[in-house]
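Input: a single structure, listed below in structure tokens.
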Amino acid sequence: MAPVKDASEVTTQRCLKSDHLRCIDNWFSANFYRFGTFVYRQKYKFLISSILLNLILSSGLLFLEVNDDLEYLFTPLGTPGIADKAVMESKFLVGDEGVEFLPDRILSSYLKHGEVIVLPVNGTNILQKETIKELLTLDRVLRTFEFEALIDGNVTRLTYEDLCMKWLGQCIDNPLLALYREQLDLFDVIPLTYPSVSTMDGREVFLAQQLMGVQATNRTHFEDSKNEVHPQKVNINAAAGISLYYFLQTGSDEMEEIALKWEEEAEQRLRQMQTSSVRFEIYFAFSYSLAQEVQKASKRVIPRFVATFSMLSVFAVLSMVTSDWVTSRPVLALLGVVSAAFAITSAVGMLAFCSVQFNEIVAMMPFLVIGVGVDDMFIMVSAWRQRSIYVSVEEKMGRTYSEAAVSITITNLTDIIAFLVGSSTPIPAVRMFCIYAGVAMFFAYLYQVAFFGACMAFIGDREKENRHCITFQKVKPKNASRNKFYRMFCAGGVPQEKRIAGLHREETVTHPILTFFRDYYSPLFAKVQTKLFALFLLVVCLLGSFIGCMNVTEGLRLHNLAPDLSAPWKFYNIRDQFLSSFCSPISVAFTTELEYWDESTQLRIENMTQHLEKSYYSYGRMYTSSWIRSYLWYLSNTGRLDEGMSDKKEFLHILKYEFLQDFRFSHFTLDIVFIENDQNEVTGIEASRIVLPTYGANDAIGEKSLMLDFRARTKVADMNATVFTPMFLVYDSYVGLITYTLQTVSIALMSMFVVAIVMIPHPICAVSVTLCAVSIDAAVLGYMSLWGVSLDIVSVINILLCIGFSVDFSAHITYAYVSSSHKDPTQRAVEAVRNLGTPIFLSAASSMIAIAPLSTASVYIFRTFFKTLFLVMAIGALHGLLFLPVILSLLGFLIPAQDKAKSETNVYVPVSKLDTSSMDAEEIEIIDSIVTSV
């Protein structure tokens with residue numbers, strides 16, 4: 001017999017010849033061929049080592065640390081808000097020091113507090129006497145109920161009055177309720193004005209941030225005159241609701257625990273009043289509420305993952321069961337799902353060992369990875385199915401790896417690169433997810449080629465020995481069955497009659513889905529009508545995505561972080577409906593030493609203050625809390641300003657020892673940081689601030705505009721001022737969201753193109769794959785918007801998923817297309833769909849099944865993940881199974897076909913690699929003559 005070259009040697013030598021475009025592809029195919037045969041020979045070692053590796057890494061789950069700090073997770077690193085917060089906290093009191101404080105000066109969102117929104121039933125006016133009386137009763141219950149707490153080891157009974165944030169020795173009160181307590185007996189309905197009301201003793205009570213859905217007479221009159229010294233207030237006719245707040249002092253760990261105890265007790269009281277009240281709808285949230293619900297949401301997703309695992313297992317088994325009980329592979333299907341599960345536990349365990357924190361968004365990762373792992377399994381099994389039943393198991397393994405492993409390498413590599421790029425984004429929540437997903441994708445690939453490959457080897461040996469797929473007992477072929485029952489439930493395997501044509505044919509029994517794509521669907525691509533329909537549908541798809549992209553909304557609302565209908569979800573949802581009443585007061589701080597006693601400095605500060613007050617989002621001059629403006633009025637009113645106040649020492653002395661001692665101005669002590677010498681003498685002012693209440697930001701875009709407007713106005717003044725409110729940390733995530741998304745997507749697409757042009761042996765094919773990815777990403781973004789999904793941190797993660805997944809289907813089809821030896825471009829497309837249609841369909845279906853349980857999740861984040869990934873799979877499969885084959889068939893004249901004479905699959909089949917144990921001498925002689933002639 002003439003010597004026959006090894007297949008891997010042939011493909012390696014081919015790189016030295018003229019087929020330069022296929023050189024890298026052939027090199028990968030040859031080496032994967034060697035690796036596949038090596039896995040077969042060492043299958044026991046690969047199986048055992050994979051299991052041990054998973055056990056070792058999975059033990060890291062014991063050290064898993066969950067991060068529920070929402071402010072940290074969703075605030076982009078390096079944004080101005082983080083730096084501004086650090087500056088403000090270094091200069092001023094934050095509010096948790098346990099000293100007297102005012103809520104509008106708070107610099108942290110972590111302070112212990114409770115917020116309550118009260119709405120009248122049936123949407124009636126809440127400003128009615130009987131309603132107000134019941135509201136005062138609710139407030140009294142929260143202020144007077146007693147609870148037990150440990151103080152210095154002793155059990156003590158406390159009330160809100162013992163813990164409340166105080167100013168001048170009195171608990172901070174809700175201004176509107178304080179007004180009603182004083183005057184409700186005097187009036188049937190107290191006349192109120194917007195945005196503040198003047199009391200009989202001359203005080204001005206600011207109400208705008210307590211009343212919700214205000215109906216006022218000629219409200220525009222105030223807005224037109226708000227920059228005047230005495231703006232025109234308007235009469236309030238009705239209000240849709242009232243917001244109440246309760247702030248607690250802390251100052252120590254013990255007081256933190258006691259404050260938390262009050263919050264928990266207050267929540268129980270409010271739940272009771274929710275069910276008993278006939279006049280009110282009550283909504284509430286406490287400092288711990290949102291973070292607690294986020295933690296619960298992560299745990300609630302576990303049963304859904306169990307459902308996903310079960311559904312995928314059933315689907316995988318059904319997809320690999322045929323009427324032949326030898327070539328059916330239900331056990332292999334289950335092991336493919338187990339392989340994906342190994343990847344998840346290994347990734348999470350290893351990262352837990354490395355102290356990489358877990359969060360709510362990362363909880364979506366298992367649904368993604370298990371779908372990808374099953375996708376890879378289908379590609380591997382599809383390649384295995386196309387090998388001749390007469391080829392030895394070792395040769396089958398080599399051929400399967402040389403074809404399928406290259407394909408899944410392309411897709412997994414692009415997925416890993418996409419997440420690697422995503423891990424560089426400045427948003428910690430996105431970064432954590434991308435790290436977990438990228439590492440899990442690596443392990444999914446590793447276990448696929450090692451653990452699942454070893455399982456395939458064992459299954460191959462079982463099939464070679466004609467053993468039953470479930471009982472593993474040897475059985476007879478169908479044509480040798482003893483009876484109908486045996487033929488139906490036991491028989492299978494290689495028939496007794498051998499034909500030499502069987503050398504290159506598929507298995508004798510195929511799955512119905514495979515039959516559909518082979519005999520019915522793929523031939524459609526030879527028809528002109530199919531091509532015209534595909535191009536028309538592509539235009540329609542792109543048009544729809546364009547319309548959706550033009551209507552993208554931005555921003556992640558706080559209620560979307562909590563499970564539906566939970567207390568925080570209801571509270572923040574209602575608050576968002578009346579958002580303009582809840583814009584936070586803004587602190588504008590001068591954090592460098594200024595000569596405040598100098599008239600030019602005073603003028604610069606006043607000019608900047610007026611510039612800020614002209615903002616659309618400001619309530620105007622009357623409601624700005626400016627110590628320098630009030631101090632100059634004080635000096636003028638006492639006649640000392642007329643004498644000139646340029647003396648530094650006198651200016652500082654009067655400021656500290658007279659002005660700030662006056663109870664009318666004592667709140668300004670929170671706004672001025674003095675410099676004192678060793679003798680406690682005031683020598684200067686280190687920092688100071690003014691505070692402006694704001695309104696009018698009705699959505700995420702408005703909130704972003706508010707923040708950017710005030711920042712821009714402070715820069716124009718050239719005063720080195722810092723503008724800050726805790727909510728700016730949330731608004732900052734809106735500012736760079738589109739920029740982060742575009743940058744990440746662009747880098748990921750370029751990286752993907754590089755991978756494609758290296759791995760797929762023709763530049764036009766690489767360009768086609770890249771354009772498909774762009775088309776899929778654009779379609780997903782557009783239809784995501786039309787489906788009611790906003791552009792927020794969660795959807796940004798999902799867009800990153802698009803980069804990797806949009807390559808999967810197109811890369812498989814393209815690789816099959818360029819591997820075809822047909823000269824006719826249309827026939828190459830037909831062959832590509834015939835060979836890869838089934839695994840692509842099964843991959844898309846399995847991924848949809850993997851995420852299906854999330855569609856019923858009670859958390860917006862998980863439902864958004866389902867919607868986006870469903871779109872990725874549906875649109876990706878549409879591109880891979882319809883659009884791309886048509887485009888390749890039209891551009892195929894630019895892509896040279898693979899030389900059939902050099903096709904290792906059809907020619908270089910060493911006899912040593914064939915399973916000749918069941919062949920007779922005549923068949924072996926015929927095979928020998930064929931190979932020798934070649």
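The values are calculated or read from the model by the stated rules, or taken from the named source; none is laboratory data. What you see is a predicted model, and the numbers here were worked out from it, not measured in a lab. Neighbour counts are summed over all protein chains in view; Cβ atoms, including those assigned to glycine, are modelled from backbone coordinates with ideal geometry. Only protein heavy atoms, including side chains, enter the accessible area calculation; ligands, DNA and RNA are left aside. Shrake-Rupley method; radii C 1.70, N 1.55, O 1.52, S 1.80 Å.
Restricting 795, 746 to residues that are crowded, with 22+ Cβ neighbours inside 10 Å and out of contact with any strand residue (DSSP E or B) (no Cβ under 6 Å at 6 or more places or on another chain) narrows the list to 795. Looking at region 120-234, the helices (runs of 4 or more DSSP H) lying wholly inside it that each contain 2 or more residues that are touching a residue at least 24 places away in the same chain (Cβ under 8 Å) and either open to solvent by 70 Å² or more (accessible area, probe 1.4 Å) or in contact with an Asp or Glu (Cβ under 9 Å, 6 or more places away or on another chain) (or both) sit at 129-144, 175-183.
Does residue 35 satisfy the criteria of being touching a residue at least 40 places away in the same chain (Cβ under 8 Å) and under 26 Å from residue 673 (Cβ atoms)?
Taking the combined requirement at face value, the residue does not satisfy it.
Residues of region 97-119 being outside any loop (DSSP other than H, G, I, E, B) and either touching a Leu at 6+ places or on another chain (Cβ under 8 Å) or open to solvent by less than 10 Å² (accessible area, probe 1.4 Å) (or both), which ones? Within region 97-119, 105, 113, 114, 115, 116, 117, 118 qualify.
Residue pairs whose Cβ atoms lie under 8 Å apart, separated by 6 or more positions or on different chains, with the first residue in region 511-526 and within 17 Å of residue 379 (Cα to Cα) and outside any loop (DSSP other than H, G, I, E, B) and the second of a type outside the set (Asp, Glu) and open to solvent by 50 Å² or more (accessible area, probe 1.4 Å), are 513/841; 517/834; 517/841; 518/834.
The single residue among 483, 479, 466 that is modelled with pLDDT under 80 and either touching a strand residue (DSSP E or B) at 6+ places or on another chain (Cβ under 9 Å) or surrounded by fewer than 18 Cβ atoms within 10 Å (Cβ to Cβ) (or both) turns out to be 479.
Filtered by the rule that a residue be surrounded by 20 or more Cβ atoms within 10 Å (Cβ to Cβ) and among the hydroxyl-bearing types (Ser, Thr, Tyr), region 235-267 gives 243, 246, 250. Being under 21 Å from residue 30 (Cβ atoms) and either touching a Phe, Trp or Tyr at 6+ places or on another chain (Cβ under 8 Å) or open to solvent by 30 Å² or more (accessible area, probe 1.4 Å) (or both) is a property that residue 438 lacks.
Taking into account only those residues within region 845-869 that are among the hydrophobic types (A, V, I, L, M, F, W, C), out of contact with any Gly (no Cβ under 9 Å at 6 or more places or on another chain) and in contact (Cβ under 8 Å) with a residue 24 or more places away in the chain, which is surrounded by the fewest Cβ atoms within 10 Å (Cβ to Cβ)? Ranking the qualifying residues of region 845-869, first place goes to 852. When region 312-336 is filtered for residues that are of a type in the set (Val, Ile, Thr) and surrounded by 24 or more Cβ atoms within 10 Å (Cβ to Cβ), only 326 remains. Tell me yes or no: at least one residue of region 324-331 is assigned to a loop (DSSP other than H, G, I, E, B), within 15 Å of residue 452 (Cα to Cα) and charged (D, E, K, R). Looking for residues that are assigned to a loop (DSSP other than H, G, I, E, B), within 15 Å of residue 452 (Cα to Cα) and charged (D, E, K, R), one finds at least one in region 324-331, hence yes. Checking each residue in region 585-600 for being open to solvent by 30 Å² or more (accessible area, probe 1.4 Å) and either without any contact (Cβ under 8 Å) to a residue 40 or more places away in the chain or among the aromatic types (Phe, Trp, Tyr) (or both) picks out 597, 600. Considering the conditions (1) over 27 Å from the mean Cα position of the chain (by Cα); (2) closer than 30 Å to residue 407 by Cα; (3) free of Cβ contacts under 8 Å to residues at least 60 places away in the same chain, residue 715 is excluded by exactly one of them, (2). Being within 18 Å of residue 231 (Cα to Cα) and polar (S, T, N, Q) is the filter; apply it to region 601-627 and report the residue that is surrounded by the most Cβ atoms within 10 Å (Cβ to Cβ). Here the answer is 618. The helices (runs of 4 or more DSSP H) found entirely in region 824-934 that carry 1 or more residues being modelled with pLDDT of 50 or more and of a type in the set (Val, Ile, Thr) are 825-851, 860-878, 884-891.
Just so you know, in region 273-303 the residues that are outside any strand (DSSP E or B) and over 30 Å from the mean Cα position of the chain (by Cα) include one that is modelled with the highest pLDDT, and it is 273.
Among the conditions (1) surrounded by fewer than 15 Cβ atoms within 10 Å (Cβ to Cβ); (2) in a helix (DSSP H, G or I); (3) aliphatic (A, V, I, L, M), residue 270 misses just one, which is (1). With the condition kept exactly as written, say whether any residue in region 349-356 is among the aromatic types (Phe, Trp, Tyr), crowded, with 23+ Cβ neighbours inside 10 Å and part of a helix (DSSP H, G or I). No, region 349-356 contains no residue that is among the aromatic types (Phe, Trp, Tyr), crowded, with 23+ Cβ neighbours inside 10 Å and part of a helix (DSSP H, G or I). On the basis of being part of a helix (DSSP H, G or I), at pLDDT 90 or above, under 38 Å from the mean Cα position of the chain (by Cα) and surrounded by fewer than 17 Cβ atoms within 10 Å (Cβ to Cβ), does residue 24 make the cut? Criteria not met by residue 24. If the condition is being within 16 Å of residue 145 (Cβ to Cβ) and either in contact with a Lys or Arg (Cβ under 9 Å, 6 or more places away or on another chain) or touching a residue at least 40 places away in the same chain (Cβ under 8 Å) (or both), then region 250-270 contributes 258, 259, 260, 261, 262, 263, 265, 266, 267, 269, 270. Looking only at residues of region 557-584 that are in a loop (DSSP other than H, G, I, E, B), farther than 16 Å from residue 244 by Cα and open to solvent by 20 Å² or more (accessible area, probe 1.4 Å), we find that the one that is modelled with the lowest pLDDT is 557.
Please work out if residue 578 is more than 24 Å from the chain's Cα centre (by Cα) and closer than 23 Å to residue 271 by Cβ.
Working: more than 24 Å from the chain's Cα centre (by Cα): yes; closer than 23 Å to residue 271 by Cβ: yes.
Spelling it out, residue 578 is indeed more than 24 Å from the chain's Cα centre (by Cα) and closer than 23 Å to residue 271 by Cβ.
Do we have any residue at all in region 486-495 that's farther than 30 Å from residue 370 by Cβ, crowded, with 18+ Cβ neighbours inside 10 Å and among the basic types (Lys, Arg)? Yes, some residue in region 486-495 is farther than 30 Å from residue 370 by Cβ, crowded, with 18+ Cβ neighbours inside 10 Å and among the basic types (Lys, Arg).
Remark: pairs (first residue in region 333-360, within 15 Å of residue 61 (Cβ to Cβ); second residue open to solvent by less than 10 Å² (accessible area, probe 1.4 Å) and not in a helix (DSSP H, G or I); Cβ separation under 8 Å; 6+ apart in sequence or on different chains) are absent.
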